[in-house]
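Engineer: The structure's right below; bear with me while I get my questions together.
Each reported figure results from applying straightforward, stated rules to the coordinates on display, with no laboratory input. Note that the structure is predicted; figures quoted are calculated from it, not measured. Cβ atoms come from the backbone with ideal geometry, glycine included; neighbour counts cover every protein chain shown.
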Amino acid sequence: MPVVVVLVLLLLVVAVVGLVVVVVRNTQMASGPAEIGPEQVRPVVLEFHVKGDEATVLFGVPLPEGEPDPVLKELLLHAAMDVLREKRSHDLPLGTVKRIRVFGRRGQEPVEVGVVELPEEGELPEVRVPELIPRAGLAGYDPLAHLGEMEVTVPPTVAERPPAEKLRPFHDEIRLTRELEAALRAQGIDPEAAGLEDLVLGLLRAAGYQVSVGVHGFEIAKGGKAHAYTARKGGTETIVLIVPHAEGEYPELDEQMINRFLVWFGQTSPERALLITDKYGPYLIYEKERREPRCRFITRERLQSFIDSFSLA
């Protein structure tokens, strides 16, 4: 075979390989993870049974006093239809079901939330799924990234604050949208009685963060006074240290805890770190944040802004 022909064939092979590489790379870029599937808030099913033409679904959802909010009701009705749909996918004989009776719980007692009437036997109607947290399914949605931009007021002096034994529950000082409240209740969290840790983790999970317990090397978390978590979303990791106030403790975040948190941050240098507490914040935190903007202290004065960040479109 002439040398010229061999060279031409080699050049053709190189060109084809290069074209394949470019096509694959462009395909990967075009179909890359611009969007991730939202972590749908799915209430836990405690009971499901069928009697005659009626199905009953009991969810482990704590209900408030009075009539359930329309957002929570729609969420549970839709979840009940998903339950029936999944049961039918396992070839269970549910074709004669004409209605679904949906229950939540108040204390340990089941309480009826509503009834779904099926247009035809076994046919499921369309029920709108409420959007609990706007854009929660988008990979770029990251409310924690904007906490450094929140406006904060200078806290009052310690002398003006209530003594430790009279520090009110943080529930008395925060407000939740109907959507956020439904997102928490659907996870089995009663916002009116939840501890700070359950509230924070419930919000993170509802917003699509993958939350794991514990952080390597996080010595602050020892002793039961603080709990460390890692929240992941869109390729970004945020360390979350939760420091709840205990009855009888001093109502202000301890300076020693602040310094330990910052020492750990300096030694491990994570992408971002939050210390969340329902204690008041000392003036010291403002200086610390100016020096290290990747660290934020979400103290009692900032809890409402933290919560609001999950409901902004």
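Engineer: Work out how much length VAL263 to ARG178 would gain on full extension: take 0.36 nm times their residue separation and subtract the Cα-Cα distance, in nm to one decimal.
Structural biologist: 26.7 nm
Engineer: Using only the alpha carbon atoms of segment 261-313, find the Kirkwood hydrodynamic radius as the inverse mean reciprocal pair distance, in angstroms to one decimal.
Structural biologist: It is 12.0 Å.
Engineer: Full-extension gain between GLU109 and GLU247, please, as 0.36 nm times their residue separation minus the C-alpha to C-alpha distance.
Structural biologist: 46.7 nm is the gain from fully extending GLU109 to GLU247.
Engineer: Run the numbers for GLU120 and VAL213: contour at 0.36 nm per residue of separation, minus the present Cα-Cα distance, in nm.
Structural biologist: Here the segment from GLU120 to VAL213 would lengthen by 28.9 nm.
Engineer: If you filter segment 197-305 for chymotrypsin sites (Phe, Trp or Tyr not before Pro), then keep DSSP loop positions with at most 12 other Cβ within 10 Å, what is left?
Structural biologist: Sparse-neighbourhood loop chymotrypsin sites (Phe, Trp or Tyr not before Pro): TYR283.
Engineer: Among the listed pairs LYS51/LYS73; LYS51/LYS98; LYS166/LYS288; LYS225/LYS288, give every one whose C-alpha distance is greater than 18 Å.
Structural biologist: Those over the limit are LYS51/LYS73; LYS166/LYS288; LYS225/LYS288.
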